Every structure is written in C-alpha cells, then in structure tokens.
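The values are calculated or read from the model by the stated rules, or taken from the named source; none is laboratory data. Just so we're clear, the structure is a prediction, and the values are computed from it rather than from any experiment. Here the Cβ is made from the backbone with ideal geometry for all residues, glycine too, and neighbour counts use every protein chain on show.
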Amino acid sequence: MSEVMQDAAREPITHNLKINRPPYDDLVSGAKTSEVRNCSDRDFRVGDSVELFMTETADGFATESIVRKISHIQRGYGLPDGLCVLSYESALRQQLADVSNERDGLRAKLECSQGDMRQADQVMERQRTQISDLEQSLEDSPHALASALCQKLATMRGGPIDWAEAIAITAIVTRLSPEEEARLLAFDAVAPATDEQVAGS
C-alpha cells in the first residue's frame with residue numbers, strides 16, 4: 001500500500017531515530033533517499049521530519065545528526081507487517097526550501113523595517129512642522145502684542161497715537177535695540193505715517 005497523503009488531524013512532528021555510520025554517510029551524500037523502518041510503534045506521516053542520529057561511535061553516544069523530511073511512505077507490497085519504507089525529500093530540495101523560507105523571513109523583516117522607517121519619517125516631519133509653527137508664533141507674538149497695545153492706547157485716548165509712542169511701545173515689547181529704535185524714529189521724518197497707519201501699528 002502506497003501512502004502519499006495523510007490524515008491532517010495533527011501538525012507535522014519530528015521523530016528521533018538512530019542510524020549506523022554507512023547508511024548515515026549515504027544519506028548525507030545524497031546517494032540514499034529512503035529507509036526501511038519499523039513503523040509499528042511510530043505514527044510516521046508524510047510531512048513529518050526525522051532527525052537521524054549516527055550512534056556508531058566508540059562510546060556509543062551520538063555525535064552527528066541530520067534532518068530529513070518524509071515525502072512518501074510505502075507499506076505492504078511484500079513488506080512484512082510493521083515495516084515501511086520512508087522516502088525523504090532530496091537534500092537539495094530541502095536546502096532550497098530552507099533558503100526560500102529564510103528569504104521570505106528576511107523580506108518580511110525588511111518590509112517591516114521599511115514601514116517603521118516611513119512611519120518614523122512621517123512623525124519627524126510632523127514634529128518639524130510643529131517646531132516651525134511654534135517658532136513662527138514666538139516670532140509673531142511680540143509684534144502682535146505691540147500692535148494690540150497701540151490700538152488699545154488709541155482707543156483709550158479716542159484718537160490715534162503718535163509715531164514716537166508707537167515705536168516706544170514696540171521697542172519695549174519686541175526688545176528692539178537702541179539702534180533699531182533710532183532707525184524707526186528716523187523713518188518718521190522721511191515718510192510720515194498716516195493717522196490710520198499709526199493707530200493700526
């Protein structure tokens with residue numbers, strides 16, 4: 001009886017098996033791709049893996065092992081009950097699958113990293129915009145306050161304030177240097193402001 005499909009009632013598992021040196025070497029080289037095994041006490045299924053421990057050593061302890069994936073199980077057809085032939089995926093195909101899985105894992109990590117980088121860039125851009133807005137607000141606040149004070153004074157007086165008073169208020173609020181204040185006062189002699197301009201300074 002040939003067995004290529006199995007009941008999917010459980011996830012694939014790994015079976016630990018012992019093996020002697022000659023068949024072990026043949027499996028490692030790829031010359032051997034199947035084994036006759038006692039299956040009376042093991043639930044071998046297609047898709048399971050076997051880890052084969054080479055135990056033919058002086059002290060009897062396993063020092064080497066290889067892992068192979070079961071691709072086919074042969075029972076019957078002259079085989080005694082309790083014995084089966086396990087066919088393994090070729091080592092090259094298994095290595096190719098391992099490399100493909102590793103590549104997919106690296107690709108997923110890379111995509112995740114790129115997504116994190118894009119998200120970090122977006123956060124940094126929002127922070128730069130917020131900082132720029134705050135800096136602009138800090139720069140505009142003294143001038144807006146000076147203008148509001150000039151308008152308040154004009155309202156209290158019931159008429160516009162003169163240029164020198166507007167410059168004095170602006171100098172105090174915006175912390176103008178004496179040189180800057182003198183240049184603004186000198187501007188009054190060159191191009192006098194209208195009452196409306198002074199009132200709205």
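A few notes on this one:
- Only residues that are touching a Phe, Trp or Tyr at 6+ places or on another chain (Cβ under 9 Å), modelled with pLDDT of 90 or more and aliphatic (A, V, I, L, M) were counted in the range 24-51, giving 1.
- Gln94 at pLDDT below 80 and surrounded by 12 or more Cβ atoms within 10 Å (Cβ to Cβ): yes
- Meets criteria (in contact with a strand residue (DSSP E or B) (Cβ under 6 Å, 6 or more places away or on another chain), surrounded by fewer than 16 Cβ atoms within 10 Å (Cβ to Cβ) and modelled with pLDDT of 80 or more) for Thr14: yes
- Those helices (runs of 4 or more DSSP H) of the range 100-201 in which at least 1 residues are modelled with pLDDT of 75 or more and under 57 Å from the mean Cα position of the chain (by Cα), considering only elements entirely within it, cover 163-174, 178-190.
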